[in-house]
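S.K.: One structure, as structure tokens, below. Some questions next.
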Amino acid sequence: MLCSQDTVHKETTIDEVVVSSTIGSGKKAVSKGRIASIDEHLAKLSKVEMVRRGTYAWEPVVNNMATERVSTTIDGMKIFYACTDKMDPVTSYVESSNLQRISLNSGLDGNPQATGNIGGSIDLKLRRVGFDAKSSEYNASVGYESNGNVQVYGADAAFSTHRFYTNFGVFYRHAGNYKAGGGKTVDFSQFQKTNAFANIGWQHADDHIIEATFIYDIAKDIGYPALAMDVKKAEGIIASLAYRREHLSKLFHRWETKVYYNHITHNMDDTKRPNVLIHMDMPGKSQTAGLYSLLQGTKGKHYFQLNYDAYYNKLFADMTMYPEGGQPMYMLTWPDVGTFNTGLALTDDITLDLHHHLRLSVKGAWQHQQINSDEGYQALNIYFPGMDKGNSSFIGRLAVSYAYKHSGWTLAIGTGYGTRAPTVTESYGYFLNNTFDKYDYIGNPYLKNEKAVEVNTSVEWKNTSLSFKVETNAFFFQDYIIGRPDTRLSPMTIGAAGVKIYQNLKNARIVNVALTSNCQPVSWLLWENHLTYSYGKESTEARLPLIAPWSYLGNLRFRWHNLEAEGGVRMAAHNSHCGTEYGETPTEGYAVWHLNVGGHFQLGKLGTDIHLGVENLFDRHYSTYADWNHIPQKGRNFYANITFQL
């Protein structure tokens with residue numbers, strides 16, 4: 001789908017970055033190809049940063065806002081992590097071989113199924129071979145990385161006719177402990193993961209389509225060097241069934257209705273850690289059932305989408321501590337909380353004329369949360385006497401943007417207003433330890449909904465060989481939700497600095513500025529530059545944590561027939577303006593270089609994609625601002641991978 005403005009909606013495929021409002025602007029990127037992880041694909045997106053607690057399952061951050069303010073879906077399906085420490089983001093349950101593209105909406109102009117997306121929304125679009133494609137196709141991939149002895153193996157197949165299609169496959173990753181720059185081993189950074197998937201489509205009559213998806217993902221022995229515990233097992237079962245009608249009428253050209261269910265389990269474990277004072281088990285479960293019905297149509301200058309969605313999610317987490325010589329101690333950390341949400345969304349892309357474009361987006365939703373555990377309710381009631389077991393609220397968003405295009409120039413401006421309800425952790429979390437600031441956290445059932453106003457602008461100029469773009473967005477919050485110390489309470493975790501309770505601050509603000517330029521003096525050479533700056537403060541004028549410092553990304557790309565090569569650098573300034581009141585400490589500046597080369601070769605019916613490269617060329621020892629507790633990034637890392645297509 002092509003949008004009428006380009007300030008807020010971008011997409012990436014596995015090997016392309018596409019500005020969705022500009023036809024044919026896709027740019028092929030030299031990378032690890034199908035071997036690259038979802039995290040590595042996400043990290044290439046503008047406006048996205050990744051919080052890293054280890055080498056597995058990074059947490060995507062959009063516009064310097066983390067999971068609480070970002071909606072993440074898989075093909076429109078709502079999925080919620082099952083770990084109270086956010087060690088299993090939604091993005092960890094998909095593999096590259098089953099990914100068609102990543103749809104990123106910045107800010108309040110979210111995708112139709114998104115809810116609470118103040119920072120933005122991410123939708124992982126699954127790869128479906130579709131009808132009338134190649135009758136059969138087979139792929140096999142193998143990859144290796146020297147740092148951490150990373151091994152990747154994958155195989156998938158696809159079959160297609162006019163009435164039926166299917167594509168299915170399995171992907172396996174195995175990694176040992178990696179070494180930071182300088183050669184020091186980072187203990188507890190290993191993992192192994194298997195992902196199996198199947199997509200099926202049946203067209204019993206022309207334009208009447210039934211589609212089904214099944215994903216089984218299991219990861220074991222996952223080390224998290226930034227945390228005090230590792231993960232014994234993280235398992236996801238994701239299934240959906242959809243009916244799609246094409247060419248419905250002159251007004252409505254597509255209608256899709258999908259029902260889905262997913263079950264996520266996550267078991268934290270500290271049995272392999274040395275010098276554990278008190279051994280503990282911390283399992284968590286997330287179950288979600290939902291549906292959406294999306295109607296798309298065109299009338300005159302309008303391209304519109306109307307979407308209804310509803311879901312019910314159930315979160316449960318507990319903890320059992322085993323003191324030496326004492327009786328086990330049990331505590332509910334998520335007290336079996338059920339969340340029902342239902343909403344209606346409408347977007348309208350209006351092409352006023354050749355130069356003027358307008359986009360409107362609105363969604364309203366009703367949400368109810370309920371504590372299902374009497375034990376969990378009684379524990380929280382000690383700190384909030386007389387609290388209700390449940391609460392209901394109305395949340396929504398409204399966004400409008402305008403773009404003017406003429407003679408290579410694009411000028412755009414947009415604004416929006418949105419609210420989000422507190423998460424289960426923010427409302428009902430019970431003594432959840434945060435290793436970032438060393439505090440135990442307690443939820444607050446009396447929190448107000450968080451509100452935000454967004455303003456965004458951009459100016460772009462381009463011709464056949466040069467482009468230049470400046471874009472900025474600013475978010476102004478009311479009733480901003482964040483944890484604040486309560487000195488009256490004592491922590492449960494040994495060594496914790498104290499207890500924080502989630503509170504509404506009067507206001508907060510986050511500002512992001514980006515400068516992008518591309519120069520292509522000849523067809524075989526492209527120079528890309530991307531410079532960003534971000535700023536965040538709350539009502540006491542304290543700096544917000546995990547706000548990115550000045551950063552620069554530069555790449556020089558060469559193309560010759562089917563070969564591509566790239567050299568580049570990623571740089572960041574010293575992060576001195578960090579959120580010290582929230583436990584953040586400064587990180588040093590760095591510059592990290594990379595080189596890679598890749599190509600596609602056709603030998604009869606056999607196609608071969610080869611990628612070779614080196615990351616952190618000069619073995620720099622460094623941590624980014626988003627590396628939890630300053631765990632170091634990988635040192636020099638050579639990689640090679642090959643994919644066969646038949």
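The values are calculated or read from the model by the stated rules, or taken from the named source; none is laboratory data. Treat the numbers as computed from the prediction; the structure is a model and nothing was measured. We place every Cβ from the backbone using ideal geometry, glycine too, and count neighbours over all the protein chains shown. Ligands, DNA and RNA are stripped out before the accessible areas are found, and what is left, the full protein with its side chains, is counted by its heavy atoms. Shrake-Rupley method; radii C 1.70, N 1.55, O 1.52, S 1.80 Å.
S.K.: Only one of (1) surrounded by fewer than 24 Cβ atoms within 10 Å (Cβ to Cβ); (2) of a type outside the set (S, T, N, Q); (3) within 20 Å of VAL453 (Cβ to Cβ) is not met by LEU99, so which one is it?
M.R.: (3)
S.K.: All but one of (1) crowded, with 18+ Cβ neighbours inside 10 Å; (2) at pLDDT 95 or above; (3) more than 21 Å from TYR311 (Cα to Cα); (4) touching a Leu at 6+ places or on another chain (Cβ under 6 Å) hold for THR435; which doesn't?
M.R.: Condition not satisfied by THR435: (2).
S.K.: Moving on to the next point. Applying the selection to region 221-264, what residues are open to solvent by 50 Å² or more (accessible area, probe 1.4 Å), of a type in the set (D, E, K, R) and either farther than 26 Å from THR493 by Cβ or not in a strand (DSSP E or B) (or both)?
M.R.: ARG245, LYS250, ARG254
S.K.: Name the single residue, out of those in region 174-190 being in a strand (DSSP E or B) and open to solvent by 20 Å² or more (accessible area, probe 1.4 Å), that is farthest from ASN637 (Cα to Cα).
M.R.: HIS174
S.K.: On to the next question. Collect the residues in region 297-316 that are farther than 22 Å from GLY364 by Cα and of a type outside the set (D, E, K, R), keeping them in residue-number order.
M.R.: THR298, GLY300, LEU315, PHE316
S.K.: With the checklist (1) more than 30 Å from the chain's Cα centre (by Cα); (2) closer than 17 Å to LEU294 by Cβ in hand, flag the one item PRO328 doesn't pass.
M.R.: (2)
S.K.: Applying the selection to region 272-282, what residues are touching a residue at least 24 places away in the same chain (Cβ under 8 Å) and open to solvent by 60 Å² or more (accessible area, probe 1.4 Å)? Steps first, answer last, please.
M.R.: At the first step, the residues of region 272-282 found to be touching a residue at least 24 places away in the same chain (Cβ under 8 Å) are 272-273, 277-282.
Those that are touching a residue at least 24 places away in the same chain (Cβ under 8 Å) and open to solvent by 60 Å² or more (accessible area, probe 1.4 Å): LYS272, LEU277.
S.K.: Give the residue that is nearest to MET329 (Cα to Cα), with candidates limited to residues of region 250-271 that are without any contact (Cβ under 8 Å) to a residue 40 or more places away in the chain and of a type in the set (Ser, Thr, Tyr).
M.R.: THR271
S.K.: Related question: Consider region 586-614. How many of its residues are in contact (Cβ under 8 Å) with a residue 40 or more places away in the chain, farther than 24 Å from PHE436 by Cα and under 26 Å from the mean Cα position of the chain (by Cα)?
M.R.: 4
Matching residues to (1) surrounded by fewer than 16 Cβ atoms within 10 Å (Cβ to Cβ); (2) in a strand (DSSP E or B); (3) touching a Cys at 6+ places or on another chain (Cβ under 8 Å):
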{"residue": "LEU346", "(1), (2), (3)": "yes, yes, no"}
{"residue": "ILE350", "(1), (2), (3)": "no, yes, no"}
{"residue": "LYS363", "(1), (2), (3)": "no, yes, no"}
{"residue": "GLN369", "(1), (2), (3)": "no, yes, no"}
{"residue": "TYR383", "(1), (2), (3)": "no, no, no"}
{"residue": "ARG397", "(1), (2), (3)": "no, yes, no"}
{"residue": "SER401", "(1), (2), (3)": "no, yes, no"}
{"residue": "ALA412", "(1), (2), (3)": "no, yes, no"}
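S.K.: Same structure, new question: Looking only at region 543-600, filter to residues that are crowded, with 17+ Cβ neighbours inside 10 Å and among the polar types (S, T, N, Q); which one of those is nearest to TYR533 (Cα to Cα)?
M.R.: So, considering only residues that are crowded, with 17+ Cβ neighbours inside 10 Å and among the polar types (S, T, N, Q), the one nearest to TYR533 (Cα to Cα) is SER551.
S.K.: Let me confirm something: among PHE164, PHE171, PHE159, which residue is open to solvent by less than 20 Å² (accessible area, probe 1.4 Å) and not hydroxyl-bearing (Ser, Thr, Tyr)?
M.R.: Criteria check complete, one pass: PHE171.
S.K.: SER392 is checked against (1) part of a strand (DSSP E or B); (2) in contact (Cβ under 8 Å) with a residue 40 or more places away in the chain; (3) not β-branched (Val, Ile, Thr) and fails just one. What number does that condition carry?
M.R.: (2)
S.K.: If you don't mind, another one. I'd like to check which strands (runs of 3 or more DSSP E) are fully inside region 482-575 and have at least 3 residues that are within 30 Å of PHE384 (Cβ to Cβ).
M.R.: Where strands (runs of 3 or more DSSP E) fall fully within region 482-575 and carry at least 3 residues being within 30 Å of PHE384 (Cβ to Cβ), they are 498-522, 525-538.
S.K.: Check whether at least one residue in region 265-273 is modelled with pLDDT of 95 or more and farther than 30 Å from ALA496 by Cα, and report yes or no.
M.R.: no
S.K.: Going by the conditions given, is THR585 of a type in the set (S, T, N, Q), over 20 Å from ASP39 (Cβ atoms) and not in a strand (DSSP E or B)?
M.R.: yes
S.K.: Being open to solvent by 20 Å² or more (accessible area, probe 1.4 Å) and either aliphatic (A, V, I, L, M) or in a strand (DSSP E or B) (or both) is the filter here, so list the residues in region 319-344 that pass it.
M.R.: Selection gives THR320, MET321, TYR322, MET329, TYR330, ASP336, PHE340, THR342, LEU344.
S.K.: Would you mind finding the one in GLY130, GLY143, GLY148 that is part of a loop (DSSP other than H, G, I, E, B), open to solvent by less than 60 Å² (accessible area, probe 1.4 Å) and within 30 Å of SER623 (Cα to Cα)?
M.R.: Working: GLY130 fails: within 30 Å of SER623 (Cα to Cα); GLY143 fails: part of a loop (DSSP other than H, G, I, E, B).
The conditions single out GLY148.
S.K.: Could you list all residues from region 191-220 that are among the polar types (S, T, N, Q) and either open to solvent by 50 Å² or more (accessible area, probe 1.4 Å) or in contact (Cβ under 8 Å) with a residue 40 or more places away in the chain (or both)?
M.R.: First, the residues of region 191-220 that are among the polar types (S, T, N, Q): 192, 194-195, 199, 203, 213.
If the condition is that a residue be among the polar types (S, T, N, Q) and either open to solvent by 50 Å² or more (accessible area, probe 1.4 Å) or in contact (Cβ under 8 Å) with a residue 40 or more places away in the chain (or both), then GLN192, ASN195, ASN199, GLN203, THR213 are the ones that fit.
S.K.: Residues of region 522-567 being under 22 Å from PHE468 (Cβ atoms) and among the polar types (S, T, N, Q), which ones?
M.R.: If the condition is that a residue be under 22 Å from PHE468 (Cβ atoms) and among the polar types (S, T, N, Q), then SER523, ASN529, THR532, SER534, SER551, ASN555 are the ones that fit.
S.K.: Taking LYS451, is it in contact with a helix residue (DSSP H, G or I) (Cβ under 8 Å, 6 or more places away or on another chain) and surrounded by fewer than 20 Cβ atoms within 10 Å (Cβ to Cβ)?
M.R.: When the stated conditions are applied, LYS451 does not pass them.
S.K.: Could I ask something else about it? What are the residues in region 615-639 that are surrounded by 17 or more Cβ atoms within 10 Å (Cβ to Cβ) and in a strand (DSSP E or B), if any?
M.R.: Hits for region 615-639 are GLU615, ASP627, LYS634, ASN637, TYR639.
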